[in-house]
Structures are given as structure tokens and as C-alpha cells.
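Here is the structure we will look at.
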Amino acid sequence: MKQSYSLNVNGTVHKIEADEDMPLLYALRDDLGLNNPHFGCGLAQCGACTVHVDGQPVRSCITPVSSVGDSKVVTLAGLGTPDKPHPLQAAYVEEQVPQCGYCINGWIMTAAAFLRDNKKPTDAQIKSALEGLKCRCGTHMSILRAVKRAATMMG
Amino acid sequence: MTRIEKPDAFSRRSLLKAGGALIVSIGAPVTFDIAQADDAANAAMSVAVKPALTPDQLSSYIAVNADGTIAAYFGKMDMGQGLFVAVGQIVAEELDVPFDSVKVFMGDTATSVNQGGASGSTGIQEGGRQMRVAAAEARRVLVQMASDKLGMPADQLAVANGIVHATGDAAKKVSYADLIGGRYFNIHLDWNGKYGNPLYAPGKAQPKDPKTHTVVGQPIKRQDIAPRVFAQQDFCTDVKVPGMVHGRMIRPKVAGAVPLKVDEASIKDIPGAQVVWKEGFLGVVADKEWDAIKASQQLKVEWSDAKPPFPNQAALYDHIRSTPSRKREVEGKEAGNVDDAFKTAARVIKAEYEWPFQSHASMGPACSLVEIKDGHVTCWSGTQKSHFVRAGLAAILQMPQDSVHVIWTPGPGSYGRNDADDAAMDAAVLAKAVGKPVRVQYMRNQGTGWDPKGPASIHQVRAAIDAQGNVVAYDFLSKAFSRVDVDTNGSKPYDTLAGQTLGVDLKSGDGFGIPSESYSFANKRTAWEVIPPLLDRASPLRTSHLRDPVGPQIHFASESFMDEVAASLDMDAIEFRLRYVKDPRDIAVIKAAAEKAGWQMRPSPRKDQTGDKVSGRGIAYAQRSGTRVAMIAEVDVDRRSGKIWVRRFTVAHDCGQIINPDGLRLTVEGNIVQGISRTLWEEVKFDNKNVTSVDWITYPILDITETPSQIDVVLINHPEIAPSGAGEPSSRPIAAAIANAVFDATGVRIRRVPFSPDNVKSALS
């Protein structure tokens with residue numbers, strides 16, 4: 001049974017009709033046309049679909065749309081813009097991180113929440129915070145350089 | 001070896017005619033302000049209507065826009081290594097225009113000729129070579145046009161920033177834009193008649209002397225990173241067209257089974273859900289993506305009672321050993337008389353190595369959108385070979401190739417012939433069946449479970465040693481599943497799941513390979529044999545190309561074995577290699593890696609360690625199509641847990657002329673991390689019914705907590721040597737370097753990949 005939901009995404013409230021068990025990912029991609037969270041596994045194993053829900057990184061591929069309620073959802077597109085980039089976005093460009101780039105949402109959205117809450121992290125803390133995220137192209141060394149660069153920028 | 005075939009026909013439609021479709025994907029690449037040629041000579045060299053899109057036309061590669069910017073049309077595409085930057089640098093260099101004024105359009109069948117797609121690390125080696133001669137010819141023609149216009153001999157003209165000027169009088173000048181902007185070159189090239197990677201069509205111009213290069217060799221950054229991090233760039237998964245529906249495919253639980261009964265009523269509660277079933281092909285479509293997914297999971301299907309087609313996984317290597325070979329090939333010239341040399345050897349060293357099936361396991365499962373409208377087919381795909389997919393779509397839809405347009409759009413990762421071409425064909429079959437544009441994305445278990453696999457293999461190696469400790473004979477044999485059960489592209493329905501499930505006749509190929517090195521043993525034979533696939537049709541274990549196809553397998557064996565021989569002779573592993581390796585560039589990369597890593601000469605294994613935590617170092621080296629690479633792994637091994645940490649990797653890399661050092665460095669770094677992953681973790685799991693490694697838990701890859709603390713890449717630049725590839729060569733020695741380091745640390749030789757903790761623990765016990 002399809003029901004009506006209001007979703008607050010990147011500061012705008014959208015109304016959609018969806019099954020209650022439909023994951024948030026499909027609402028964002030198909031109903032709202034926000035292409036940035038990607039379908040990678042549908043199993044919360046890779047992170048390609050990561051968005052912030054009330055500031056916390058969440059795997060939108062297994063988050064039922066009915067569970068989001070009034071929470072504020074922010075996607076990669078809502079994190080920063082070319083004019084006002086989030087430090088991680090600036091660092092990603094500077095370090096030329098991605099190869100295919102399909103995994104970006106997981107790393108940046110997870111690292112953004114981590115760096116917000118952890119100033120001056122050690123390398124081990126950064127790695128631990130990003131554990132489990134997948135990048136199949138093997139850009140991990142660049143990812144770590146970018147997160148460390150962003151950490152420095154964020155003081 | 002591989003069965004790349006010529007497409008039957010190429011579009012003769014002009015770009016102008018195709019322009020409507022182009023705008024959908026990439027915007028008009030040429031600004032069509034049709035200028036009037038102002039003299040007869042220019043009229044002969046330029047035309048207002050684009051000549052046929054054929055490999056023998058300069059206009060098929062290079063165009064000058066009305067504003068003087070350059071469009072470069074490239075029949076290959078970038079898989080994330082920044083190839084388009086390097087090609088832009090080559091074009092800018094030869095044309096004497098600023099790098100920023102060049103835009104490279106990749107892999108669109110309406111604007112490029114078939115240069116082979118992303119294939120065999122030939123993006124620069126072959127594709128860049130062609131773009132270089134095309135750009136050089138364009139410059140020659142433009143200078144000639146300027147000569148006519150300015151009334152000066154061409155040898156008194158120079159070019160800077162796209163402006164041709166007199167060498168003695170900078171005021172006498174004319175710009176590329178004024179000469180031809182908005183018109184097309186009408187220049188015939190000397191095409192070698194080949195399509196794909198070997199396509200070559202030079203003009204009369206000689207490219208520049210590399211000593212004069214100013215753009216080539218610079219670390220210019222990729223411009224496509226920012227659009228990705230600001231979520232402004234569409235992947236092929238993001239493309240939508242009006243009226244589009246979502247498709248999902250349904251695969252059998254027992255490989256080889258086909259649907260006998262499909263209960264359409266079982267999904268009747270799902271809005272718009274529709275079944276597409278023909279023979280073994282079974283899919284669903286629905287207006288909404290989530291509905292299509294639910295329908296694919298909810299549909300009740302009765303499958304045929306197929307005999308489980310596979311051996312149990314534990315019997316895989318015995319199966320390879322005991323199955324009669326379908327084809328044997330001794331590649332290269334056999335040196336001396338190997339069999340006789342072994343008869344007189346003082347002693348013989350032998351070893352056997354094993355490599356499992358591996359999955360592309362791309363970051364996202366493949367996706368494609370196909371629209372069939374008014375007799376024309378448009379396909380958006382992340383394929384590595386759009387021109388070949390065009391041929392495949394034409395064949396499966398029974399439409400002329402001229403009516404098929406494949407728009408390459410970056411996909412969710414690609415490392416060879418992954419599931420992308422299968423998705424394009426499935427989308428086409430669904431779109432034709434339902435009469436609507438269909439976007440198909442596979443589910444994760446299909447992306448990892450049903451992609452074409454890298455082949456499993458065994459490698460039997462022996463060396464004959466004389467009384468003085470010299471290697472007098474070497475015999476290397478791979479026995480394996482073919483690397484091309486399905487071809488490296490989807491140009492033929494029999495090479496795709498759609499074709500195979502629809503029942504087309506099969507033609508599986510035979511191919512493997514041999515070590516690529518320069519060890520000079522007096523008697524030497526390198527050969528391969530392949531066995532038939534376990535299941536001939538629609539198999540989740542069908543093989544095709546995965547990054548550096550068969551390179552990691554073969555060089556795991558050959559370079560581990562060199563270490564075994566060195567250790568047996570109580571020689572340092574590098575000293576041993578330098579004694580037999582003859583190619584000067586090979587020697588140079590080995591020495592460069594050793595120097596950077598601070599290699600201390602001594603035999604392996606180390607004898608100075610006790611306790612559970614030990615460390616070691618290992619070297620391996622290889623060539624690949626002209627490129628040389630040597631690498632040293634430094635590892636920590638926890639004997640108790642079996643866990644290996646590759647702490648540091650040092651790579652020395654020589655691919656001739658370096659076009660972009662930063663792009664090259666990042667490419668090599670990615671290969672190293674992916675290669676460590678394939679070595680430590682990756683193995684397709686299966687039972688007798690199907691592949692059982694279907695997600696990131698069952699098909700684990702290297703985690704960021706396991707990445708090296710340091711990867712040093714030493715780039716050796718040879719501007720005087722034409723560039724060879726870099727996308728894959730550094731993939732091949734990784735496993736051996738790690739195995740050799742583990743041996744150095746533990747004294748135990750691991751001869752089977754992956755080196756997962758369980759496997760290592762059992763090897764050490």
C-alpha cells in the first residue's frame with residue numbers, strides 16, 4: 001500500500017507516495033531525482049548510498065522511507081557546492097581521489113560526520129572510522145590523504 | 001587468442017544528422033556556425049558538412065570549433081585513470097593549443113570510430129598514438145591553410161596558442177578559428193584498414209620530437225573530479241528518459257536451470273509489473289524501481305530440474321589437473337631442448353601454483369538504459385567497448401548497426417569485461433518486449449555472482465640446475481579455464497547472458513598466456529593449456545577479461561618460482577634475477593625498486609626472527625606489452641592468526657614516455673591496492689549448483705584498515721620511447737611479491753591464492 005510521506009532533504013520538504021518498506025535510496029533517486037546516493041549493494045555493506053539523517057551517516061539502501069519522519073536528510077549535493085565546498089570535497093579534488101567515483105558518497109558522508117565530531121584525528125582513528133566502506137578501484141591511499149587534508153583544514 | 005571481430009558496418013550518417021541524439025548525452029561537441037571558406041585552397045581542405053565517420057578521415061578525430069577550441073573524438077574511454085587528460089595533452093601538444101582548449105569526447109558511437117574501447121591498457125599506447133598523429137596532421141593542414149591565406153611559405157610560420165604567425169613578424173597571423181572554425185577537415189588519412197586497438201591512420205605530418213614537448217609530461221589534473229564530488233555528474237545509472245520503466249533480471253538458483261512455469265498472478269498486486277519470459281530469459285519491468293525489485297523477488301517461478309553443473313569447490317584444482325585439455329599452445333620460440341636438458345640436470349626444482357576464479361565485483365552492479373524509438377536504438381552503458389556493444393544490440397534486436405547509437409556513460413566501476421555488456425543486451429531485450437525504454441540495473445548478488453569471471457588456473461613449473469648451480473632449463477605450463485569463455489566484448493549475442501539464455505549457438509574461445517619477462521635460460525619453454533568451461537551456457541563461472549587478464553595468475557607462479565629457485569641456491573632474490581634477466585630496461589626497474597626500498601642483499605628466508613609476529617620482504621618483476629615493472633612488498637605476518645599486513649609497497653615503473661606523471665602514479669597506486677586485495681582475499685566461492693560468493697561479505701575485498709602505510713612509486717621516464725600501457729602492468733607481479741615476502745618472513749611458501757588468514761594459518765601449521 002502506497003502512502004504519503006514528507007521528506008526534508010537538503011533543506012527542502014518534498015512529498016512523495018511510496019510503499020512503507022521502500023528504502024530511502026529510491027525516494028531520493030527516483031522520486032526526488034537526486035542521483036548522488038548510488039545503489040551499490042542494497043545490503044548496507046558498501047556505503048555507496050550513504051546520506052546524513054540528522055547529521056549521522058546512514059545507509060539509505062536499507063533505511064525504510066517510513067522511518068525517516070521529520071528528520072533532516074542531507075546528501076552529497078547538500079554537503080557543499082563548488083562555490084562553498086565542504087573541506088572534504090575540496091580535499092578530494094586536490095588529491096584527485098576517485099577513479100570511477102561511484103563509491104564517493106560513502107567515504108565523504110561518513111568522513112564528514114567523523115571529522116565534525118573528531119578534531120585532529122590520528123591515522124588509526126581515521127581508518128577505523130572508515131572501516132567497512134568499499135572502494136573497488138583501490139583508491140584507499142588517496143582517500144586517506146584527502147581525509148587527512150580535510151582534517152587539517154577543519155582544524 | 002581473443003576473438004575480437006570487426007563490426008560489420010559503420011555509420012555513414014554525418015555527425016549533423018546524429019546531432020539530435022548527441023545532445024541528450026553530452027551536448028553538441030562542435031559549434032556548427034558554418035563559416036564560408038574564403039579561398040579555394042581552404043575549401044579543398046575543409047568542408048561545411050562532416051565527412052563520413054570513417055577511420056580514414058581526419059574529421060573523425062579532430063575538429064576546430066568556431067571559437068577556436070578543439071574537439072577530440074576518441075574511440076576509447078576512461079575507466080577512471082584520467083586517460084582523457086592524457087589524450088587531451090597529446091592533442092594540445094601536437095596542435096600547439098592550450099590544454100584547456102581541448103575537449104575529449106569518448107566512446108560515443110555517433111562521434112568516434114572504433115578504436116577498441118578500454119582494452120588491454122592501450123588507451124595511450126594505441127589510442128593516444130592515433131590521436132597524436134591525427135592532431136599532428138591537423139596542425140600541418142592548418143599551417144598549410146595559413147600559408148595560403150598569408151601568402152607565406154609554411155616553413156616561415158609557427159604556431160602558438162592556436163594562432164599561426166610568421167616567425168619574423170608576429171603581426172602577420174591567423175587563428176585556427178579563422179582558418180577552419182566550425183567547418184570540418186576534409187583530409188584523407190592513411191588508414192591501415194584495422195578496427196579496434198590496432199587501428200592506425202596517420203597523415204603526412206610527423207609528430208613532434210618529444211624533446212620539444214611542453215604539455216605532454218605535465219601533471220595536469222582531471223577536470224571530472226569536481227563534478228563527481230559535487231554530485232553533478234551522471235553515471236549511466238543516473239540517466240533517465242521519458243516513459244522509462246525499470247527492469248530487473250531473474251537468474252536461476254541452480255546454474256543451467258530454465259523456467260518451466262512463471263506465475264504472473266504472483267505479482268499482480270504490484271503496479272505496472274510485467275513479466276518478460278522467453279526460453280531461459282526471464283525478467284520483470286515496472287514503472288517504479290522498487291516495484292521492479294519487489295516483482296523480481298516475489299515472482300513465482302518453477303525451474304527445470306538441472307543437474308548441478310559444478311564440482312564442489314574443494315575439488316576445483318583437481319578438476320583442472322585431471323580434465324583433458326581442449327587446446328595446448330607453446331607461445332614464443334622454445335629455446336634449446338628443454339626435455340633433454342632436464343634429463344641431464346644435476347637436480348630439478350619443481351612447484352605448482354593455484355589461482356581461483358575471481359570476480360570483477362564492480363562497485364555497483366551493471367546498469368544500462370535502452371530506448372527503441374522510430375526505428376532507432378539508443379543505449380546508455382558503462383561498457384568498455386561501446387562500438388562492440390552497438391554490434392551486439394543490432395544483432396540481438398535484428399536491426400541494422402546504423403540504427404543503433406551507444407552512448408558510453410561512466411559506469412559503477414569497470415576492470416575489463418564485467419557485467420556491463422550483459423546489462424545492455426538484457427535492457428534491449430526487455431525494451432523491445434515491452435515497447436518502452438527500459439533501465440536495467442542488476443542486484444548485488446547478480447553483479448558479483450553472475451559477472452564473467454577471471455579464470456581459475458594451475459601452473460606447473462620446473463627448473464633444471466647443473467652441478468655448478470646454474471639454471472640450465474626452465475619449463476612453465478599453465479593449465480586453466482580459458483580466459484575467453486565469452487569474448488571481451490558484447491558484440492555477439494553468444495557472448496552475452498541475453499543471447500545464451502535465448503538459446504543462440506555457442507562459440508566459446510580458447511586463450512591463456514605465458515610469463516612476460518626476459519630470463520635467458522639456455523633451454524626454455526612456456527606453454528598453456530585450457531580446459532572446457534564447467535557449464536557451457538549462461539554460466540556464473542564463464543570467464544572473460546578481468547584486469548590484466550591472466551597476468552596475476554601467471555606471474556604469481558613464475559615470479560614465486562624464481563624466488564624458490566633463488567632460495568634453493570641460497571642466493572639473494574635480486575642477485576638471482578640480475579644474473580638471468582637480460583633486458584636493460586628490466587634490469588633498470590629491478591635496480592630502481594631495490595634502491596628505493598633499501599633492499600639489503602641476503603638469501604631468503606630471514607633467520608633472525610622468533611615469535612608469532614614476523615616480517616619479510618619480497619620482489620617480483622614483469623613486463624607487459626612494452627612496460628616494465630618491478631615491485632617490492634614488505635609484509636608483517638601474524639603466525640597465530642594467519643593475518644598478513646602488506647606494510648609497504650615499492651614499485652618501479654617504466655612505460656616509456658610519461659604523458660602525465662600524477663595520473664600514472666595514481667593509476668599504479670590503485671592497481672597495487674586492488675592487487676593486494678586480489679592476493680589476500682579474493683576467491684569466487686561456489687557449490688555444485690551455483691556461485692555462492694554474492695556480496696561483500698562472501699566476496700570480501702581489502703579494507704581500508706588493511707591498506708599499506710606506504711606505497712612508493714618510482715617513475716622512470718623515457719621520452720624517446722613511445723609510451724606503452726600503465727592500466728594493468730603493475731597488477732601482475734603483486735601476488736608474487738607478497739608470496740615472496742611471506743616466505744622471507746616465515747620460511748613457508750604459499751602457492752595458492754588467496755592468502756586469507758585461514759589459508760595462511762593452515763599453510764603455516
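Quick one: which of B:382-389, B:684-691 comes out on top by average Cβ neighbours within 10 Å, and what's the full order, highest first? Provide the component values of the computation, followed by the final result.
Details: B:382-389: 30.2, B:684-691: 19.6.
Final packing ranking: B:382-389, B:684-691.
With the Cα gyration tensor of the protein assembly as shown giving a ≥ b ≥ c as the square roots of its eigenvalues, does the rule (a/c under 1.5 for rounded; else a/b larger than b/c for prolate; else oblate) give rounded, prolate or oblate? Rounded.
Subtracting the Cα-Cα distance of B:Ala522 and B:Ser568 from their residue separation scaled by 0.36 nm leaves 14.6 nm.
With K and R counted +1 and D and E -1, the other residues having a Cβ less than 12 Å from that of B:Ala592 yield a net charge of 0.
For chain B, a simple Cβ point-charge model (Lys and Arg +1, Asp and Glu -1, everything else neutral) yields a dipole of about 900 debye relative to the Cα centre. Here B:Met152, B:Met79, B:Met631, B:Met562 are placed in order of increasing Cβ neighbour count within 10 Å, fewest first, which gives B:Met152, B:Met79, B:Met562, B:Met631. Taking Cα centre as origin and charging only the Cβ of basic (Lys, Arg, +1) and acidic (Asp, Glu, -1) residues, the dipole magnitude of region B:572-764 rounds to 640 debye. Taking amide H positions as modeled 1.01 Å from N, with prolines and chain starts lacking one, the residues under 5 Å from A:Thr50 and 5 or more places away or on another chain are A:His38, A:Ser60, A:Gly106. Could you tell me which of B:Gln358, B:Ser368, B:Ala345 has its Cα farthest along the dipole of region B:315-418 towards the positive end, charges placed at Cβ (Lys, Arg +1; Asp, Glu -1), taken about the Cα centre? Farthest towards the positive end: B:Ala345. Pairs from the table (B:Lys278/B:Lys385; B:Lys524/B:Lys582; B:Lys307/B:Lys689; A:Lys119/B:Lys643) lying more than 20 angstrom apart at Cα are B:Lys278/B:Lys385; A:Lys119/B:Lys643.
As a proxy for reagent exposure, ranking A:Tyr102, B:Tyr195 by other Cβ atoms within 10 Å from fewest up yields B:Tyr195, A:Tyr102. Ordering B:Ile711, B:Val760, B:Ser625 by Cα displacement along the dipole of region B:572-764 toward the positive end leaves B:Val760 in first place; charges were set at the Cβ atoms of Lys, Arg (+1) and Asp, Glu (-1). Put simply, the amide H of B:Thr543, placed in the peptide plane, has neighbours under 5 Å in B:Lys453, B:Asp485, B:Val486, leaving out anything fewer than 5 places away on its chain. Farthest toward the positive end of the dipole of region B:15-229, out of B:Ala160, B:Leu189, B:Phe84, is the Cα of B:Phe84, where the dipole comes from beta carbon charges about the Cα centre. Taking each DSSP H run with n ≥ 4 as -39500 (n - 2.57) and averaging over every residue of chain B yields -8000 deg cm²/dmol at 222 nm.
Over 20 Å apart at the Cα level, from the set B:Lys149/B:Lys208; A:Lys127/B:Lys596; B:Lys294/B:Lys492; B:Lys253/B:Lys453, are B:Lys149/B:Lys208; A:Lys127/B:Lys596; B:Lys294/B:Lys492. In order along region A:36-41, the phi-based Karplus estimate (6.51 cos²θ - 1.76 cosθ + 1.60, θ = phi - 60°) of 3J(HN,Hα) comes to 5, x, 10, 7, x, 9 Hz; Gly and Pro are listed as x.
Starting from the Cα of B:Asp536, step 7 Å toward the Cβ, then list every residue of region B:312-339 with an amide N under 15 Å from that point. Residues B:326-327 qualify, since their backbone N sits under 15 Å from the label point. Were the residues from B:Ser304 through B:Glu720 laid out at 0.36 nm apart, the gain over their Cα-Cα distance would be 143.6 nm. B:Arg328 to A:Glu94: FRET efficiency via 1/(1 + (r/R0)^6), r the Cβ-Cβ distance, R0 60 Å, to the nearest 0.05? Step by step, r from the Cβ atoms, then E = 0.70.
For A:Lys72, the aspartates and glutamates whose Cα comes closer than 13 Å to its Cα, not counting residues fewer than 8 places off in the same chain, are A:Asp54. When both bridge partners sit in chain B, DSSP labels roughly 75% of those beta bridges antiparallel.
With only Lys, Arg, Asp and Glu charged, each at its Cβ (+1 for the first two, -1 for the last two), find how big the charge dipole of region B:237-384 is about the Cα centre; round to the nearest 20 debye.
On the way: 20 positive and 20 negative charges, 62 e Å.
Result for region B:237-384 is approximately 300 debye, rounded to the nearest 20.
Straight-line reach from B:Lys240: which aspartates and glutamates have Cα under 19 Å away, leaving out those fewer than 8 places along the same chain? Filter leaves A:Asp30, A:Asp31, B:Asp108, B:Asp287, B:Glu289, B:Asp291, B:Glu371, B:Asp374, B:Asp421, B:Asp426.
Could you work out, residue by residue across A:73-82, how many beta carbons of other chains sit within 10 Å of that residue's beta carbon, and then give the average as an integer?
2
Taking amide H positions as modeled 1.01 Å from N, with prolines and chain starts lacking one, the residues under 5 Å from B:Val113 and 5 or more places away or on another chain are B:Gly75. Footprinting exposure proxy ranking of B:Leu95, B:Leu477, fewest other C-beta atoms within 10 angstrom first, gives B:Leu477, B:Leu95. The mean number of Cβ atoms from other chains found within 10 Å of a Cβ in peptide B:702-710 is 6, as a whole number.
Rule-based calculations on the coordinates, nothing more; no lab input. Every value quoted in this text rests on a predicted model; they were computed, and no experiment measured them. Note: ideal-geometry Cβ built from the backbone for every residue, glycine included; neighbour counts use all protein chains shown.
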